[in-house]
Amino acid sequence: MTRQLLVTSALPYANGPIHLGHLVEYIQTDIFVRYQRLRGHRVAYVCADDTHGTAIMIRAQKEGRSPEDLIADVASQHRRDFAAFGVSFDHYGSTNSASNLAVCTGIWKNLRARNLIVERKVDRLFDPVQKTFLADRFVVGDCPRCGTKDQYGDSCESCGSTYAATELKNPRSVHSGASPELRPSSQLFVRLEPLQPFLEEWTQRSGALQPEVANYLAGHFLDKPLQDWDVSRPAPYFGFEIPDAKGNFWYVWFDAPVGYIASTTDWCEKSGGSLDAWWKNPDCEIVHFLGKDITYFHTLFWPALLHVGGYQLPRRVQIHGFLRVNGEKMSKSKGTFVTAARYLEHLDPEWLRYYYASKLSDKIDDLDFQADEFVGKVNSDLVGRVVNLASRSARFVESTGLATHYPDDGGLFARGATAGEAIAAAYEACDFREAMRLVMTLADAANEYVERTAPWTIRKDPARADELRNVCTVVLNLFRQIVVYLQPVLPRLAERASGLFASPCDRWNSTTEPLIGCSIAKFEHMATRVEPERVKAMFVPEAAVPAPSASAPTPADANDALGKEPLAAQVSIEDFQKVDLRVAKIVAAEAVPEAKKLLRLTLSLGSGPTRNVFAGIKGAYEPERLVGRLVVMVANLAPRTMKFGVSEGMVVAAGTDGEVYLLSPDTGAKAGQRLH
RNA sequence: GGCAGGAUAGCUCAGCUGGUUAGAGCGGCGGCUUCAUAAGCCGUAGGUCGCCGGUUCAAGUCCGGCUCCUGCUACCA
């Protein structure tokens, strides 16, 4: 029976380049999609750029251009990267599209009709100079919990606490630097609690979710009243203005998943299909692939929107873990934050496809990229075992072609055909690791056959020409069977093999019927080996790489630190001089056991009493290794009483999102010296 | 803090509803081979299955407790 599947990958945010972590998902989805096509099913694979929100807006501002201009640039870059890795979207759209606005509007109307939208007056910060309400990230001030300066209006990067923008101390507008005023604003919320029974049923009993996900939702959200979801943001905001609430925009997480539908709509338009035949067709299986970080958006809000909007719910939500590199989080400073473009400068995309396939399971486990394992898998599995089969047999039959009857192979080909069922089941379950393992056992068996029959010996005896041809017919058929099984993972290898046989490797069914009598093209290498040095070169930290040529178009690739932390309002030299920065020596350092992030530092300023300072750097520095080191401290910061004691100053460090880099003076600086 | 997941050979992982000497791939070691992109084949060594206790004729597999790792967390419980 021919199935019909509508498959999506999560929409990448239009605020940065695609990197190896993204590619886990797109490659995983693409393998699934190609597998389904290989089986003869009808598949639509749609995706889009997620383009709205504050971060995009801020970045566009910093770069002095319109958000539309920015997202167009990033979109073309994303498309190029995906194409290079063979990700075979049927349509790649944008959430900033007419179709998306239309679908959002439709769902919104239904939410209104079901009385699921409530409006509440909330006091929000208002910029009296710009005469606009300020989104959370357009306000900076001191964290109400720990006092850290220059924190956004949603959460503190130092202590991790979250709060309302109105709680910030000494708040300022990012636009004008003015102190915002409190003004009542009407915010719109989606009420989720009335949908509780539906969500309970769908998450716990539909079978769409992996069991650990269902457990997570049951224990986290469904066991108590669901909170209303704040879906509006006041202008200015890059996004869609809410049609019946002028001056308010849909929060990016409202219109982002709707982009799946919009992109499907656009694809239907372009290909002559209709949404009724796809998303709204109960026989069409909708499958979402996404990372575990965005689980609840896709398993609570999104089904709620679909349900109310009158759209079919996903049949399956396939969630994967994060990519780590050599056991650690990806890190720019360690060079393990590798963009797609950077990978392509060094390595072949099919290698990564195979490597990921050999590691991916249907679990939510993180996937660890290990350089030496990568080299080993590619070189020994792909080249040594699979491609080598063709390479050690094809040349012998270039002139004669394959035998006209399939010879006795001791049941090898039949065994391979039977194994197809288990391989198919593994693909279907997204247990690609298992699929690769099974395929490799077939390759092992084929190599043993070559060893046993020793065609290089047969060849020496002209009287045994038929036997030589028979043996090679077997080996090449086993090779071809394997290549078809690997086609979802290695489409380019399959194409090259197709050229060898002058017969496409594009149908799963062809694995049950040996190819006979056909000619064999001149053998050419189908895959190259990885040189370990090239992998090593890819992981050289950016800073150590010679500056790229000036002609390279880099705007979209620019470091996004500014976007994450916009420049603060201008200050005078007098303002700056109020802050007394000093070189300080760490004379003692210890972890605060009860705290997640804090180290207790004892700092010397050369003379006078030492200072006790808490620093949120536990995750990045070993206390023992800090002792004796010089750092920069804010020496005249008002003491602050914290849970674990009084902090008498602050150690300055750079970094966002959990990265922390302490500053060190050059050699020769002495504790106590002031910074000017 | 809560929750979820994990902890099995040097590395990456299988081990379903408890049942004979715990498996695979890679890596290691020893041979063989030379058709092939120094590829391939054969053999071999490696594990007190995180720790403690319990249920059972029998536990990696079930139950309780603990330790460590990872992730998530809608002020959080």
* To do: Inspect the stretch A:333-342 for any residue being near RNA strand B (Cβ under 9 Å from one of its atoms) and either at pLDDT below 90 or not in a loop (DSSP other than H, G, I, E, B) (or both) and give the result as yes or no.
  => no
* **Lone qualifier among A:Ala44, A:Ala48, A:Ala84, A:Ala10 - being closer than 28 Å to A:Glu428 by Cβ, surrounded by fewer than 22 Cβ atoms within 10 Å (Cβ to Cβ) and in contact with a Leu (Cβ under 7 Å, 6 or more places away or on another chain)** => A:Ala84
* Inspect all residues belonging to the stretch A:361-378 and state whether any of them is outside the structural domain of A:Glu285 (by TED's automatic domain parsing), assigned to a helix (DSSP H, G or I), surrounded by fewer than 22 Cβ atoms within 10 Å (Cβ to Cβ) and among the aliphatic types (A, V, I, L, M). => yes
* Looking at this structure, is A:Ser271 within 16 Å of RNA strand B (Cβ to nearest atom) and either surrounded by 21 or more Cβ atoms within 10 Å (Cβ to Cβ) or touching a residue at least 24 places away in the same chain (Cβ under 8 Å) (or both)? -> no
* Within the stretch A:428-437, considering residues that are in a helix (DSSP H, G or I) and near RNA strand B (Cβ under 10 Å from one of its atoms), the one surrounded by the most Cβ atoms within 10 Å (Cβ to Cβ) -> A:Met436
* Asked: Across the stretch A:175-197, which residue is surrounded by the most Cβ atoms within 10 Å (Cβ to Cβ) among those that are of a type in the set (S, T, N, Q) and either away from RNA strand B (no atom under 16 Å from the Cβ) or under 30 Å from A:Val139 (Cβ atoms) (or both)?
  -> A:Gln187
* To do: Could you tell me whether any residue of the stretch A:499-516 is basic (Lys, Arg) and surrounded by 24 or more Cβ atoms within 10 Å (Cβ to Cβ)?
  => no
* Would you pick out the residues in the stretch A:96-113 that are closer than 20 Å to A:Lys280 by Cα and either without any contact (Cβ under 8 Å) to a residue 60 or more places away in the chain or in contact with a helix residue (DSSP H, G or I) (Cβ under 7 Å, 6 or more places away or on another chain) (or both)? -> A:Ala98, A:Ser99, A:Asn100, A:Val103, A:Cys104, A:Gly106, A:Ile107, A:Lys109, A:Asn110, A:Leu111
* Subset of the stretch A:198-229 [surrounded by 15 or more Cβ atoms within 10 Å (Cβ to Cβ), within 14 Å of RNA strand B (Cβ to nearest atom) and not in a helix (DSSP H, G or I)] -> A:Leu209, A:Gln210, A:Phe221, A:Leu222, A:Leu226, A:Asp228, A:Trp229
* Structure fact -> (1) buried (at least 19 other Cβ atoms within 10 Å of the Cβ); (2) in contact (Cβ under 8 Å) with a residue 40 or more places away in the chain all hold for A:Lys62 apart from (1)
* Odd one out for A:Leu195, checked against (1) outside any helix (DSSP H, G or I); (2) modelled with pLDDT of 85 or more -> (1)
* To do: Mind listing whichever residues of the stretch A:240-256 are under 19 Å from A:Cys47 (Cβ atoms), in contact (Cβ under 8 Å) with a residue 60 or more places away in the chain and either touching a Lys or Arg at 6+ places or on another chain (Cβ under 8 Å) or within 16 Å of RNA strand B (Cβ to nearest atom) (or both)?
  => A:Val252, A:Phe254, A:Ala256
* Close pairs (6 angstrom Cβ cut-off, 6 or more residues apart or separate chains): over 20 Å from A:His525 (Cα atoms) in the stretch A:490-511, assigned to a helix (DSSP H, G or I) and of a type in the set (Val, Ile, Thr) anywhere -> A:Ser510/A:Val484; A:Thr511/A:Val484
* To do: Filter the stretch A:452-491 for residues that are part of a helix (DSSP H, G or I), more than 12 Å from RNA strand B (Cβ to nearest atom) and not aliphatic (A, V, I, L, M) and give the result.
  => A:Pro462, A:Arg464, A:Asp466, A:Glu467, A:Arg469, A:Asn470, A:Thr473, A:Asn477, A:Arg480, A:Gln481, A:Tyr485, A:Pro491
* Within the stretch A:438-449, can you find the residues that are within 6 Å of RNA strand B (Cβ to nearest atom) and in contact (Cβ under 8 Å) with a residue 12 or more places away in the chain? -> A:Asp444, A:Asn447
* Residue check: is A:Asp381 surrounded by fewer than 18 Cβ atoms within 10 Å (Cβ to Cβ), more than 6 Å from RNA strand B (Cβ to nearest atom) and either outside any loop (DSSP other than H, G, I, E, B) or modelled with pLDDT of 90 or more (or both)? -> no
* Asked: Is it the case that some residue within the stretch A:226-247 is modelled with pLDDT under 80, in the same structural domain as A:Leu192 (by TED's automatic domain parsing) and out of contact with any strand residue (DSSP E or B) (no Cβ under 9 Å at 6 or more places or on another chain)?
  -> no
* Among the residues of the stretch A:517-535, which ones are in contact with a helix residue (DSSP H, G or I) (Cβ under 7 Å, 6 or more places away or on another chain) and either under 24 Å from A:Tyr355 (Cβ atoms) or away from RNA strand B (no atom under 16 Å from the Cβ) (or both)? -> A:Cys518, A:Met526, A:Ala527, A:Arg529, A:Val530, A:Pro532, A:Arg534, A:Val535
* Go through A:Val535, A:Val540 for me and flag whichever is at pLDDT below 95, outside the structural domain of A:His405 (by TED's automatic domain parsing) and not in a loop (DSSP other than H, G, I, E, B). => A:Val535
* Consider only pairs whose beta carbons are under 8 Å apart and that are at least six residues apart or on different chains; among these, list those whose first residue lies in the stretch A:309-328 and is charged (D, E, K, R) and buried (at least 22 other Cβ atoms within 10 Å of the Cβ) and whose second residue is at pLDDT 95 or above and assigned to a helix (DSSP H, G or I). => none
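Of all residues in the stretch A:258-285, count the ones that are touching a Cys at 6+ places or on another chain (Cβ under 6 Å) and either in a helix (DSSP H, G or I) or outside the structural domain of A:Asn100 (by TED's automatic domain parsing) (or both).
Looking only at that region, the number is 2.
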* Asked: Scanning for something at pLDDT below 80, surrounded by fewer than 19 Cβ atoms within 10 Å (Cβ to Cβ) and not hydrophobic (A, V, I, L, M, F, W, C), does the stretch A:627-637 turn up at least one residue?
  -> no
* Asked: Residues of the stretch A:5-17 being under 11 Å from A:Val33 (Cα atoms) and either modelled with pLDDT under 90 or not hydrophobic (A, V, I, L, M, F, W, C) (or both), which ones?
  -> A:Thr8, A:Ser9
* To do: Confirm whether A:Ile423 is more than 12 Å from RNA strand B (Cβ to nearest atom) and at negative phi.
  => yes
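The values are calculated or read from the model by the stated rules, or taken from the named source; none is laboratory data. Computed from a predicted model, the values in this text were never measured in an experiment. Neighbour counts are summed over all protein chains in view; Cβ atoms, including those assigned to glycine, are modelled from backbone coordinates with ideal geometry.
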